[in-house]
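J.: What follows is a structure written as structure tokens; I'll ask about it next.
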Amino acid sequence: MSQNLIPRKWYNIQADLPKRPAPPLNPATGKPIKPEELAVIFPETLIEQEMSTQRWIDIPEEVLNLYALWRPTPLRRARRLEQFLETPAKIFYKYEGTSPAGSHKLNTSLAQAFYNRQAGIKRLTTETGAGQWGTALSIACRFFGLDCTVYMVKISYQQKPYRRSFMQVYGAEVIPSPSNRTEAGRKILAQDPDCLGSLGIAISEAVEDAATHRDTNYSLGSVLNHVLLHQTIIGLEAKEQFKQEGLYPDVVIGCHGGGSNFAGLSFPFLMDVFAGKKVKVIAVEPAACPTLTKGKLAYDYGDTVGLTPLLEMYTLGHSFVPPGIHAGGLRYHGAAPLVSRLYADGLIKAQAYHQNEVFAAAVLFAQQEGILPAPESAHAVKAAIDEAMKCKETGETKTILFGLSGHGHFDLSAYEDYFAGKLQDVEYTQEMLEQGLACLPKV
Ligand SMILES: *Cc1c(COP(=O)(O)O)cnc(C)c1O
């Protein structure tokens with residue numbers, strides 16, 4: 001596939017959804033949020049994309065040129081894995097780890113940095129957990145001449161110094177969160193000076209920083225409609241690549257944290273499902289943070305402190321902090337409203353796995369195909385293997401596509417823990433769910 005086959009438009013699923021998500025609400029008034037209220041932290045074009053129902057949205061030329069640094073990404077058939085499993089299924093994976101950031105996240109960070117620079121913004125703030133999003137935004141800001149401030153969850157800041165250095169290479173300022181920089185951070189530290197942070201807390205800090213500085217905007221790496229939109233380049237490209245093989249997948253699988261890589265891969269295939277095609281689409285999440293499979297569809301905050309608009313989504317409650325011993329990413333309490341809607345309406349399926357079985361699948365994949373998966377992506381690997389094993393039982397020759405959203409080169413300490421038998425399969429309990437849901441805002 002040559003570079004001129006990179007899709008030139010993103011696919012906006014909001015044009016085709018049987019039922020659209022309920023509107024985001026202003027947390028103070030409980031009323032649907034107005035575009036001008038979002039303008040404190042987002043540029044106009046991204047707000048338009050957030051609300052748009054136009055099916056195809058042009059990718060700006062400058063963004064396309066930067067995509068061409070690593071796109072199209074490979075669609076590969078995992079033949080050695082198929083042979084090892086002795087499955088009649090064909091297993092394909094779309095590999096996003098070839099991007100300079102090592103994951104799919106650069107697909108949206110470039111677009112977001114572009115629109116912010118176009119709007120005259122000088123600096124972007126964001127949060128990062130494991131570091132992938134912070135890295136992706138750091139690179140994008142460097143390309144577009146913006147400053148970048150990254151609030152990094154403190155436990156990751158301590159445990160993943162190389163991730164920190166990676167962001168610093170591109171000139172980003174990296175701050176361990178909770179920090180003293182913001183009201184939100186100070187409030188948390190007053191309650192618990194040893195707090196190791198969470199994505200929700202870091203989001204609170206980054207949003208506050210952006211909202212209180214005129215030349216500064218906030219950038220989110222998942223969950224929101226415009227982020228999912230930018231990621232659809234993955235699935236659109238994959239469809240084109242399948243066409244060249246004369247194939248079409250029966251099953252499409254993506255790991256699910258906030259929902260962006262899953263949506264990016266699957267939405268272009270769901271477009272065909274809306275038109276009558278049969279595709280089984282599966283979102284895969286960790287059993288320790290089972291947002292879709294155990295959470296509740298409700299209005300909730302995107303952050304811990306309650307600064308963000310209320311989104312209708314599957315949630316474990318915004319106060320939920322996943323156990324620190326959990327190695328994989330995907331530790332977010334909510335799910336993208338668009339993915340939540342599709343799940344509620346039965347158009348997609350969801351599955352949860354414990355981390356030891358996920359790492360076992362990742363090691364098997366690496367040994368057969370050579371690529372070391374990110375722990376997040378490994379959830380999709382595990383589900384793909386399970387689907388292939390079902391085919392072995394039934395003799396079905398299905399075509400399975402999964403998203404390999406990133407490589408695991410910065411996650412070797414998690415692999416080390418896995419080999420040392422130190423990873424615990426944390427059970428998510430009814431009590432945790434009740435505690436989390438007890439703090440849902442009343443709307
Ligand atoms: C961030 C990340 C994820 C999870 O985020 P989504 O928004 O759910 O895609 C998955 N895989 C990799 C490699 C990531 O960096």
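J.: With 426, 363 as the choices, which residue is more than 16 Å from the ligand (Cβ to nearest atom) and at pLDDT below 95?
T.: Numbers: 363 fails: at pLDDT below 95.
Of 426, 363, the one residue that is more than 16 Å from the ligand (Cβ to nearest atom) and at pLDDT below 95 is 426.
J.: Out of all the residues in region 100-115, which are free of Cβ contacts under 8 Å to residues at least 60 places away in the same chain, open to solvent by 10 Å² or more (accessible area, probe 1.4 Å) and either within 10 Å of the ligand (Cβ to nearest atom) or part of a helix (DSSP H, G or I) (or both)?
T.: Once the filter is applied, which keeps residues that are free of Cβ contacts under 8 Å to residues at least 60 places away in the same chain, open to solvent by 10 Å² or more (accessible area, probe 1.4 Å) and either within 10 Å of the ligand (Cβ to nearest atom) or part of a helix (DSSP H, G or I) (or both), region 100-115 yields only 114.
J.: Continuing with the same structure: Pick from region 238-268 the residues that are assigned to a helix (DSSP H, G or I) and more than 16 Å from the ligand (Cβ to nearest atom): which of them is least open to solvent (accessible area, probe 1.4 Å)?
T.: Taking region 238-268 as the starting set, the residues that turn out to be assigned to a helix (DSSP H, G or I) are 238-245, 260-268.
Checking which are more than 16 Å from the ligand (Cβ to nearest atom) leaves us with 239-245.
Numbers: 239: 42, 240: 63, 241: 20, 242: 2, 243: 142, 244: 112, 245: 110 Å².
In this case the residue turns out to be 242.
J.: Could you tell me how many of the residues in region 418-443 are surrounded by fewer than 17 Cβ atoms within 10 Å (Cβ to Cβ) and part of a helix (DSSP H, G or I)? Can you show your working first?
T.: Looking only at region 418-443, we keep the residues that are surrounded by fewer than 17 Cβ atoms within 10 Å (Cβ to Cβ), and these are 419-422, 424-425, 427, 429-431, 434-435, 438-439, 441-443.
Applying the additional criterion that residues be part of a helix (DSSP H, G or I) yields 419, 430-431, 434-435, 438.
Total meeting the criteria: 6.
J.: In addition: Quick check on this structure: which one of 279, 223, 284 is on the phi > 0 side of the Ramachandran plot and not acidic (Asp, Glu)? Let's see the steps before the verdict.
T.: On the way: 279 fails: on the phi > 0 side of the Ramachandran plot; 284 fails: on the phi > 0 side of the Ramachandran plot.
The match here is 223.
J.: Another question about this same structure. Just one of (1) more than 14 Å from the ligand (Cβ to nearest atom); (2) within 24 Å of residue 219 (Cβ to Cβ); (3) among the small types (Gly, Ala, Ser) trips up residue 287, so point out which.
T.: (2)
J.: Continuing with this model, one more query. If you go through region 210-236 one residue at a time, how many are over 18 Å from the mean Cα position of the chain (by Cα) and surrounded by fewer than 24 Cβ atoms within 10 Å (Cβ to Cβ)?
T.: So the answer is 7.
J.: I'm trying to understand the selection: among the residues of region 274-321, which are open to solvent by less than 30 Å² (accessible area, probe 1.4 Å) and either farther than 28 Å from residue 185 by Cα or among the β-branched types (Val, Ile, Thr) (or both)?
T.: Selection gives 279, 281, 282, 283, 284, 285, 287, 291, 292, 308, 315.
J.: Kindly list the number of the only condition in (1) within 16 Å of the ligand (Cβ to nearest atom); (2) touching a residue at least 60 places away in the same chain (Cβ under 8 Å); (3) in contact with a strand residue (DSSP E or B) (Cβ under 8 Å, 6 or more places away or on another chain); (4) open to solvent by less than 10 Å² (accessible area, probe 1.4 Å) that fails for residue 337.
T.: (4)
J.: When the residues of region 141-172 are filtered to those that are over 14 Å from residue 329 (Cα atoms) and in contact (Cβ under 8 Å) with a residue 60 or more places away in the chain, which remaining residue is surrounded by the most Cβ atoms within 10 Å (Cβ to Cβ)?
T.: Only one residue fits best here, namely 149.
J.: Return the only residue of 213, 230 being within 15 Å of the ligand (Cβ to nearest atom) and within 29 Å of residue 118 (Cβ to Cβ).
T.: Details: 213 fails: within 15 Å of the ligand (Cβ to nearest atom).
Result: 230 is the single residue among 213, 230 that is within 15 Å of the ligand (Cβ to nearest atom) and within 29 Å of residue 118 (Cβ to Cβ).
J.: Can you pull out the residues in region 394-412 that are touching a Gly at 6+ places or on another chain (Cβ under 8 Å) and either of a type in the set (Gly, Ala, Ser) or free of Cβ contacts under 8 Å to residues at least 60 places away in the same chain (or both)?
T.: Step one: list which residues in region 394-412 are touching a Gly at 6+ places or on another chain (Cβ under 8 Å), which gives 402-407, 409-410.
Listed by number, the residues that qualify are 403, 405, 406.
J.: Kindly list the number of the only condition in (1) crowded, with 24+ Cβ neighbours inside 10 Å; (2) under 26 Å from residue 184 (Cα atoms); (3) of a type in the set (Val, Ile, Thr) that fails for residue 348.
T.: Answer for residue 348: the failing condition is (2).
J.: Keeping to region 383-412, report how many residues are farther than 20 Å from residue 278 by Cα and more than 16 Å from the ligand (Cβ to nearest atom).
T.: If we filter region 383-412 for residues that are farther than 20 Å from residue 278 by Cα, which is where we start, we get 385, 389, 392-393, 404-412.
If we keep only those that are more than 16 Å from the ligand (Cβ to nearest atom) too, we end up with 385, 389, 392-393.
Total meeting the criteria: 4.
J.: Taking region 377-413, which residues are out of contact with any Asp or Glu (no Cβ under 8 Å at 6 or more places or on another chain) and open to solvent by less than 10 Å² (accessible area, probe 1.4 Å)? Talk me through it step by step, then tell me what you get.
T.: The first filter runs over region 377-413 and keeps only residues out of contact with any Asp or Glu (no Cβ under 8 Å at 6 or more places or on another chain), leaving 377-378, 380-381, 383-387, 389, 391, 393-397, 401-402, 407-413.
Once the filter is applied, which keeps residues that are out of contact with any Asp or Glu (no Cβ under 8 Å at 6 or more places or on another chain) and open to solvent by less than 10 Å² (accessible area, probe 1.4 Å), region 377-413 yields 377, 378, 380, 381, 383, 384, 387, 391, 401, 402, 408, 411.
J.: When you scan region 26-48, do you find a residue that is hydroxyl-bearing (Ser, Thr, Tyr), part of a loop (DSSP other than H, G, I, E, B), open to solvent by 20 Å² or more (accessible area, probe 1.4 Å) and out of contact with any Cys (no Cβ under 6 Å at 6 or more places or on another chain), even just one?
T.: Taking region 26-48 as the starting set, the residues that turn out to be hydroxyl-bearing (Ser, Thr, Tyr) are 29, 45.
Now restrict to residues that are part of a loop (DSSP other than H, G, I, E, B): 29.
Those left that are additionally open to solvent by 20 Å² or more (accessible area, probe 1.4 Å): 29.
Now restrict to residues that are out of contact with any Cys (no Cβ under 6 Å at 6 or more places or on another chain): 29.
Yes, region 26-48 contains a residue that is hydroxyl-bearing (Ser, Thr, Tyr), part of a loop (DSSP other than H, G, I, E, B), open to solvent by 20 Å² or more (accessible area, probe 1.4 Å) and out of contact with any Cys (no Cβ under 6 Å at 6 or more places or on another chain).
J.: Test each condition in (1) open to solvent by 10 Å² or more (accessible area, probe 1.4 Å); (2) part of a helix (DSSP H, G or I) for residue 195 and report the one that comes out false.
T.: (2)
The values are calculated or read from the model by the stated rules, or taken from the named source; none is laboratory data. Because the structure is predicted, anything quoted here is derived from the model rather than measured. Backbone-built Cβ (ideal geometry, glycine too); neighbour counts: all protein chains shown. Just the protein is used for accessible areas: all its heavy atoms, side chains included, with ligands, DNA and RNA removed. Shrake-Rupley method; radii C 1.70, N 1.55, O 1.52, S 1.80 Å.
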